[in-house]
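Asker: Mind looking over this structure? Questions follow.
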Amino acid sequence: MSSNVQSNFTALGIIEPLSRALAEAGYVDPSPIQTRAIPFLLAERDLLGIAQTGTGKTAAFALPILQRLSTAPAASGSRSIRALIIAPTRELALQIQTSFKNYGRHLPLRTAVIFGGVGQNPQVETLKRGVDILVATPGRLLDLMGQGFVKLGNVTTVVFDEADRMLDMGFIPDVRRIVAALPKARQSALFSATMPGEVAGLAADLLRDPIRIDISPKVITVERIDQRVFFVEAGQKRALLVDLLRDAALARVIVFTRTKHGANKVAMHLERAGAEVEAIHGNKSQNARQRALASFKAGTTRVLVATDVAARGLDIPEVSHVINFDLPNVAESYVHRIGRTARAGADGIALSFCDPSERAYLRDIERLIRRSLTIEKRNFARIAEHDTEGTPERHARPQKEHHGSRRQGSHNHQDGRKKSVHNRRRSEPREDPQHATVAPNGGAWQDLVTKLHERQERV
Ligand code: AMP
């Protein structure tokens, strides 16, 4: 099998030390973006890649870079930065560097990663020792360039990863300043999951006669994922989340919020309700984010609450459910978010909470993905009665209809026997062990119910 593995990558022109590392990593076949991009990048062409995380795009650019640097010795004799990879977030930058290290483990090349939010001294020390490949976020890179610790005069290849996210984060001016410091004669590649006008403009300025490769998995991803929406008041969202999490089928869940503050509040609330939860967002220290991610990957943490920016680029396998606690105000972000589930051919479930103020966002999303989300309903009065009294059905009050009927065809809840998103009927008794995993603490739950009735709260 090993020789077969090697021959699949060897056929693309990949040298032995790299194909050996790939075999050791268990890569059997090149992914479509690798098959298409690697020969062109090896031939030193510029490239515009429309692809998101999960397609194997990192190896698609990392392998040709490693190969080029290992076969063309540095001109000056001493080590200098010859490949530069710019990524919008620290997590993505770290992941990219890890990939370079893995694939290049049999080559004598040095990589480093620099990003903000942590002290610069260790990064500066690493740079001083000499680096061939530098992965960087734009802010810290400019900072260290300004201080004279990073010199880009010997760069032969530059990659801009997740350019659309850089745009969202306001990094485009920084990127342009970095580009101005690069040698004119160079190879450039730009990757982006979507191609808004500004990114297309940046690509046109940066790339020379690029090969364009479009591996957008949008349609496939969207088709494979079971997507549902709950119309709720803002103040009901947390109770709904706790209610949904009673089902053990929600084994590994990412909950997205629009703001850092929202992420903290949701995480705190779930923690009080007894869930194993961590939040990741830009205000958390780098170490805290890495710890949270590791524990989520290991399965110790069941729920990861994240903002779009923090979650961007993270490769987290086997996410059973994505929950959009807030709908994103940029429709493309919805596709990125739900792409976290249904990876590697698995089916996934994406649940979105939509309050009245978010209806326009939902319309944008449905227009983008060209389909309507299935409408789910929860009887909030019954949730409340159930958990205060333990006798849900007798005390049930009529369900409040917030939004009336929307579209034909997407309703499947009318007879009350619809397929539940978590295969559990609302009327199950409280001693259900699944219950205990999320709401072991009656006080916390009581608190929730009270808040639910107030219906004032906005997250
Ligand atoms: P990326 O889109 O670069 O973030 O890669 C997504 C995931 O796919 C990462 O976990 C990679 O390690 C993995 N991967 C990349 N290329 C291959 C391949 N040819 N075969 C198997 N796994 C791969």
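Asker: For segment 180-203, what are the residues that are surrounded by fewer than 18 Cβ atoms within 10 Å (Cβ to Cβ), modelled with pLDDT of 95 or more and assigned to a helix (DSSP H, G or I)?
Answerer: The answer is Ala180, and nothing else.
Per-residue answers, yes or no, for (1) among the acidic types (Asp, Glu); (2) within 16 Å of the ligand (Cβ to nearest atom); (3) at pLDDT below 80; (4) in contact with a Leu (Cβ under 8 Å, 6 or more places away or on another chain):
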site	(1), (2), (3), (4)
Ile316	no, yes, yes, yes
Ser320	no, no, no, yes
Glu332	yes, no, yes, yes
Phe353	no, no, no, yes
Glu358	yes, no, no, yes
Tyr361	no, no, no, yes
Asp364	yes, no, no, no
Arg370	no, no, yes, no
Leu373	no, no, no, yes
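Asker: I would also like to ask the following. List the pairs whose first member sits in segment 107-118 and is modelled with pLDDT of 95 or more, whose second member is assigned to a strand (DSSP E or B), and whose Cβ atoms are under 6 Å apart, counting only residues at least 6 apart or on separate chains?
Answerer: Final answer for the pair search is Thr111/Ile133; Ala112/Leu134; Val113/Val135; Ile114/Ala136.
Asker: Further question: Among the residues of segment 284-309 satisfying the criterion of being of a type in the set (A, V, I, L, M, F, W, C) and away from the ligand (no atom under 16 Å from the Cβ), which is nearest to Arg367 (Cα to Cα)?
Answerer: Val309
Asker: Let me ask something else about it. Does Leu22 satisfy being away from the ligand (no atom under 11 Å from the Cβ), part of a helix (DSSP H, G or I) and not assigned by TED's automatic domain parsing to the domain that holds Val335?
Answerer: Taking the combined requirement at face value, the residue does not satisfy it.
Asker: Please go through segment 101-111 and give me each residue that is surrounded by fewer than 20 Cβ atoms within 10 Å (Cβ to Cβ) and not in a loop (DSSP other than H, G, I, E, B), ordered by number.
Answerer: Lys101, Asn102
Asker: Could you check, for segment 72-85, whether at least one of its residues is within 14 Å of the ligand (Cβ to nearest atom) and surrounded by 22 or more Cβ atoms within 10 Å (Cβ to Cβ)?
Answerer: yes
Asker: Would you say Ala62 is within 16 Å of the ligand (Cβ to nearest atom), within 16 Å of Val135 (Cβ to Cβ), modelled with pLDDT of 95 or more and surrounded by 14 or more Cβ atoms within 10 Å (Cβ to Cβ)?
Answerer: The answer is yes for Ala62.
Asker: Only one residue in Ile225, Ile220 is surrounded by fewer than 17 Cβ atoms within 10 Å (Cβ to Cβ) and at pLDDT below 95. Which one?
Answerer: Ile220
Asker: Find the residue count for segment 1-12, including only residues that are assigned to a helix (DSSP H, G or I) and at pLDDT 85 or above.
Answerer: So the count comes out to 3.
Asker: Of the residues in segment 102-111, how many are more than 9 Å from Ile133 (Cβ to Cβ) and away from the ligand (no atom under 12 Å from the Cβ)?
Answerer: Number satisfying all stated conditions: 4.
Asker: Ok, one more. Determine which single condition Ile15 fails, assuming it passes every other condition in (1) near the ligand (Cβ under 9 Å from one of its atoms); (2) surrounded by fewer than 20 Cβ atoms within 10 Å (Cβ to Cβ); (3) at pLDDT 95 or above.
Answerer: (1)
Asker: Of all residues in segment 114-140 being buried (at least 18 other Cβ atoms within 10 Å of the Cβ) and out of contact with any Lys or Arg (no Cβ under 8 Å at 6 or more places or on another chain), which is farthest from Arg165 (Cα to Cα)?
Answerer: Only one residue tops the list, namely Leu127.
Asker: Among the numbered criteria (1) more than 11 Å from the ligand (Cβ to nearest atom); (2) small (Gly, Ala, Ser); (3) in contact with a helix residue (DSSP H, G or I) (Cβ under 6 Å, 6 or more places away or on another chain), which one does Ala43 miss?
Answerer: All conditions are met except number (3).
Asker: Continuing with this model, one more query. Anything in segment 37-48 that is of a type outside the set (Asp, Glu) and either assigned to a loop (DSSP other than H, G, I, E, B) or modelled with pLDDT under 95 (or both)? List them, or say none.
Answerer: Matches in segment 37-48: Ala43, Arg45.
Asker: Check Phe325 against each of (1) within 16 Å of the ligand (Cβ to nearest atom); (2) modelled with pLDDT of 90 or more and name the one condition it does not meet.
Answerer: (1)
The values are calculated or read from the model by the stated rules, or taken from the named source; none is laboratory data. These numbers come from a predicted model, not from an experiment. Counting neighbours? That spans all protein chains shown, and the Cβs are built from the backbone with ideal geometry, glycine included.
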